[in-house]
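Bear in mind these aren't lab numbers, they're just calculated from the coordinates by the rules spelled out. The model shown is predicted, which means the values in this text are computed figures rather than measured ones. Don't worry about glycine lacking a Cβ; one is built from the backbone with ideal geometry, like all the others, and counts go over all protein chains shown.
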Amino acid sequence: MTAGAWMRDDVNPRTGQHRPAQAKLMGGFVPAGDGSHQGFAQLEGQALEALQQEDGPLALGAARLCLTEARRLLDAVRDEREEMRREQARQADLRFALDSERAHSARLESEVIHLRERLVGLMDQAARRTKPREMAADTVADLELDLRPDPRAAETAAAFMECLREFKLWSGNPGFRQIAARAGNRYTGAALQAALARGKLPKKLEIVDTIVAGCGASDDDRRMWATAWRRLAMRPEPGEPSEGQPGPS
């Protein structure tokens, strides 16, 4: 009986033993496993068993199947490695693109911050240039509208005191006791009346502020009167020192 007949009959003619239970394909073995390394190990075991039984044709067939399965596994490993290499290349490309996008975003953010700082600076410059003119125009318009006396125009102590008397009259000409009470009674009405009757600059800013506040002046008005008083107090008229300043010895 030939080896091919033995493989079809599933019985070894020499030993009378059945071959291992495997599927048949064209008079030879096919892998019994799932095509993995376990199936290759089974084929290898069959070849070794055939050699032990001194069945040359069977061992040769099993060896060929082992070789075929080994090649298939090798190709599968190569395919897996190639796919891994491609995946690594794709991931590297994605990382490069992500890094580039982050760098681009950082540059854009830096440029936006720089432009914002420049814009804020330009807005501040524009505000500083336009606000004084607007405030001056508003102040002139207010003064022309309600005829409020402006102490900033006074160049002498006498002109300042005359403007202060006009402010009292402009505010409704309240009595000096009423002015003192409105200002918290820091000075008596008689003291305020005496200071306003003089032609010299009061030696204390508080006296001017008490009169102005007692006449109902706003905070802006009080600052305006204080600025005018300081300007005159810091440069007294020649030969006419303000009160509180020593005269010529």
What FRET efficiency comes out for LEU94 versus ARG222 if R0 is 45 angstrom and r is the Cβ-Cβ distance? Round to the nearest 0.05. 0.05
Indicate the gyration tensor shape class of segment 151-234 (rounded, prolate or oblate), computed on the Cα atoms with a ≥ b ≥ c the square roots of the eigenvalues: a/c under 1.5 is rounded; otherwise a/b larger than b/c is prolate and the rest oblate. prolate
For MET224, MET84, what's the fewest-to-most ordering of other Cβ within 10 Å of each Cβ? MET84, MET224
Exposure proxy check: THR227, THR68 ranked by fewest other beta carbons within 10 Å? THR227, THR68
With a cut-off of 18 Å, note down the residues of segment 164-182 whose backbone N falls inside the zone around a label point 7 Å from the Cα of ALA197 toward its beta carbon. 164-166, 168-169, 174-180
Summing +1 for each Lys or Arg and -1 for each Asp or Glu, what net charge is found among the other residues whose Cβ lies under 10 Å from the Cβ of GLY214? +3
